[in-house]
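Shown next, in structure tokens, is the structure this report addresses.
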Amino acid sequence: MKTIGILTSGGDAPGMNAAIRAIARTAFANGLRVKGIRNGFDGLIKGDIYEMNVSSVADIVHKGGTILGSARSKEFMTKEGQDKAIEVISSYGIDGIVVLGGDGSFQGANVLHERGIKTIGIPCTIDNDMGFTDWTIGFDTAVETCVDAISKLRDTSSSHGRGNVVEVMGRHCGDIALYAGIAGGAESILVPEVEVDMNQVIERIKRGKARGKLHHIIVVAEGLGNSRDIVKQIEDETGVETKLTILGHFQRGGSPAMRDAVLASEMGIEAVELLLEGKSSLAIGTQGGKLMTMPITKAIKMKREFNTKLYTESSILAN
Ligand code: F6P
């Protein structure tokens, strides 16, 4: 192992830069060369690659986004695209690649492994939708962003006696909604993993209104796909004027929270150590708070288990 590449792929996540820095600095400390691969697997195919040095990763630990750029590559899904990527890797003398991203990116890492390139995956996605790890890098920061938004919406909601439906990201995973909803004190949390009971939502708003409550916050995971219908039903059945706020890509930016920056740093160091040990196609995660690894092929098959206990408890808190 003399030269490693770093690649960020899929949706960006706060903490990616902290991981890039940790990978590069650990590699330099071990006498390795580091190549930055721009724009994910697309950049790999195109040979959009540069030599990194200690300064390339200076002043980035606290920055959101990814200095390497990210993309979702259709071309890499084809045999031709993969052939091109392998040619580029060998022409740049890259022996191992650390891939930062979600499930799709991990699949890409495994493709490279099957073609003889050593790869390690670091889970980066705000969605927290990967089953093999307790937490993905970026989740904590995104939840903090949502909590901040909820508390600001509550201020104005209270002034006008309005309701607010706040749609958060998470694709098919309700984790952002659950954790932001609890930490933000939402009245109701609606997620794709649990059947929606609109009667309960409506009843809770009516009860709140009857006892003079001035705000009603309903956090909805984007995976449900019907936030506008929810707003309409609430207005029709409760008479409470209700606004829809879709937080969208706002949730993907910002400085990483402490936990994301530290987790990213630990995982970055571990990734280089694994490559130096000659390991490949491993996903790094945490289980019970401890760093662990698992074959990527196994990790991407693990379905995330939704915390139904916490979800049920959230309903008691909101009463
Ligand atoms: O990063 C994950 C995620 O934020 C999902 O929650 C969301 O559905 C998706 O990415 C949207 O990302 P993009 O618009 O970049 O494809």
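The values are calculated or read from the model by the stated rules, or taken from the named source; none is laboratory data. As the structure is a computational prediction, the values presented were derived from the model and not from experiment. Cβ: placed from backbone, ideal geometry, glycine included. Neighbour counts: every protein chain shown.
Residues of region 203-217 being without any contact (Cβ under 8 Å) to a residue 12 or more places away in the chain, of a type outside the set (G, A, S) and not in a helix (DSSP H, G or I), which ones? R211, K213, listed by residue number. Put simply, of E313, E235 the only residue that is touching a strand residue (DSSP E or B) at 6+ places or on another chain (Cβ under 8 Å) and of a type in the set (D, E) is E235. Checking region 175-198 against the condition returns no match, with no residue being farther than 28 Å from R304 by Cβ and surrounded by 21 or more Cβ atoms within 10 Å (Cβ to Cβ).
Given the criteria surrounded by fewer than 15 Cβ atoms within 10 Å (Cβ to Cβ), out of contact with any Phe, Trp or Tyr (no Cβ under 8 Å at 6 or more places or on another chain) and hydrophobic (A, V, I, L, M, F, W, C), does M267 qualify? Answer is no for this residue. Of the residues in region 217-226, none is more than 16 Å from the ligand (Cβ to nearest atom), aliphatic (A, V, I, L, M) and over 30 Å from P14 (Cα atoms).
A quick yes/no check of all residues on (1) in contact with a Ser or Thr (Cβ under 9 Å, 6 or more places away or on another chain); (2) under 26 Å from W135 (Cβ atoms); (3) crowded, with 17+ Cβ neighbours inside 10 Å:
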site: I6; (1), (2), (3): no, yes, yes
site: D12; (1), (2), (3): yes, yes, yes
site: I20; (1), (2), (3): yes, yes, yes
site: A24; (1), (2), (3): yes, yes, yes
site: G31; (1), (2), (3): no, no, no
site: K46; (1), (2), (3): no, no, no
site: V54; (1), (2), (3): no, no, no
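The strands (runs of 3 or more DSSP E) found wholly in region 84-202 and carrying at least 3 residues that are within 16 Å of the ligand (Cβ to nearest atom) occupy 96-101, 118-123, 163-168. Inclusion of I217 among residues that are in the same structural domain as E203 (by the TED database), of a type in the set (A, V, I, L, M) and buried (at least 19 other Cβ atoms within 10 Å of the Cβ) is warranted.
Per-residue answers, yes or no, for (1) under 21 Å from L275 (Cα atoms); (2) part of a loop (DSSP other than H, G, I, E, B):
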site: N17; (1), (2): yes, no
site: A22; (1), (2): yes, no
site: A27; (1), (2): yes, no
site: V34; (1), (2): yes, no
site: L44; (1), (2): yes, no
site: Y50; (1), (2): yes, no
site: S55; (1), (2): no, no
site: D59; (1), (2): no, yes
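Take the residues of region 249-263 that are in a loop (DSSP other than H, G, I, E, B) and within 14 Å of the ligand (Cβ to nearest atom): which is farthest from G101 (Cα to Cα)? Write out each step before concluding.
Here is the first cut: in region 249-263, the ones in a loop (DSSP other than H, G, I, E, B) are 253-257.
So of that shortlist, the ones also within 14 Å of the ligand (Cβ to nearest atom) come out as 253-254.
Values: G253: 15, G254: 17 Å.
Among those that are in a loop (DSSP other than H, G, I, E, B) and within 14 Å of the ligand (Cβ to nearest atom), it is G254.
From the list G101, G11, the one residue that fits, being out of contact with any helix residue (DSSP H, G or I) (no Cβ under 7 Å at 6 or more places or on another chain) and at pLDDT 95 or above, is G101. Which condition does I97 not pass, out of (1) within 17 Å of the chain's Cα centre (by Cα); (2) within 29 Å of Q287 (Cβ to Cβ), if it passes all the others? The one condition I97 does not meet is (1).
Kindly indicate whether T308 is more than 23 Å from R25 (Cα to Cα), within 22 Å of the chain's Cα centre (by Cα) and either surrounded by fewer than 19 Cβ atoms within 10 Å (Cβ to Cβ) or modelled with pLDDT of 95 or more (or both). The answer is yes for T308.
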